[in-house]
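K.L.:
To start, I am sharing the structure in question, which I have written as structure tokens.
The values are calculated or read from the model by the stated rules, or taken from the named source; none is laboratory data. All values derive from a computational prediction rather than experimental measurement. Cβ coordinates were reconstructed from backbone atoms using ideal geometry, including for glycine residues, and neighbour counts include every protein chain displayed.
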Amino acid sequence: MEFVNTPLHVSAASGNTSFAMERMSLKPSFSRKLNQDGFSPIHLALLKDHADTVVEFVSIDINLIRVKGREGFTVLHYVACHGNVQPLSQFLDICLNCIFDLTTRGQTALHIAAENNRFKAFETIVEWIQRRVEGNN
């Protein structure tokens, strides 16, 4: 069910990290709610370049990385789409299974990086996968 923006959505989108964290502690279920545009609070913080808010959200619940928004996009999909290598690496390192998350079109972050010609993001994901495979042998 879609919601209008909750106070957590508003504070995340505005980058008011301390207020967002207070809202999240009072009503944790709002952290997974999608607004009418199909975005969760972590999606909004990421899309508005409020890295501190994203980091704080993830420090409370790493699975927020896997919340699916519009078209099934997670925040990992968005950073791959935009080529943001630093958060991409961080998200992969703290949430190993997010690499398997699919959009509604059946795309992983790797597919999205390739489709959008984000070579550095593509390379980062491939190298991360190689390290995991080599580490398991």
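K.L.:
Could you list, in sequence order, all residues of the range 32-44 that are out of contact with any Leu (no Cβ under 6 Å at 6 or more places or on another chain) and either part of a helix (DSSP H, G or I) or more than 15 Å from Phe57 (Cα to Cα) (or both)?
P.N.:
Result: Arg32, Leu34, Asn35, Gln36, Asp37, Gly38, His43, Leu44.
K.L.:
Here is a follow-up. Can you say whether Gly83 is closer than 20 Å to Thr103 by Cβ and touching a Lys or Arg at 6+ places or on another chain (Cβ under 7 Å), as far as the supplied structure shows?
P.N.:
For Gly83, the condition - closer than 20 Å to Thr103 by Cβ and touching a Lys or Arg at 6+ places or on another chain (Cβ under 7 Å) - is met.
K.L.:
Do you know which residues across the range 117-137 are of a type in the set (Asp, Glu) and modelled with pLDDT under 90? Explain how you work it out, then say what you get.
P.N.:
As a first pass, look at the range 117-137 and keep what is of a type in the set (Asp, Glu): 123, 127, 134.
Hit for the range 117-137 is Glu134, nothing else.
K.L.:
Of everything in the range 98-120, what is of a type in the set (Asp, Glu) and surrounded by fewer than 16 Cβ atoms within 10 Å (Cβ to Cβ)? Give them in sequence order.
P.N.:
Kept after step one, since they are of a type in the set (Asp, Glu), are these residues of the range 98-120: 101, 115.
Scanning the range 98-120 gives a single hit, Glu115.
Conditions tested, residue by residue: (1) in a helix (DSSP H, G or I); (2) on the phi > 0 side of the Ramachandran plot; (3) in contact with a helix residue (DSSP H, G or I) (Cβ under 6 Å, 6 or more places away or on another chain).
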{"residue": "Pro87", "(1), (2), (3)": "yes, no, yes"}
{"residue": "Gln90", "(1), (2), (3)": "yes, no, no"}
{"residue": "Asp93", "(1), (2), (3)": "yes, no, no"}
{"residue": "Thr104", "(1), (2), (3)": "no, no, yes"}
{"residue": "Thr124", "(1), (2), (3)": "yes, no, yes"}
{"residue": "Arg131", "(1), (2), (3)": "yes, no, no"}
{"residue": "Glu134", "(1), (2), (3)": "yes, no, no"}
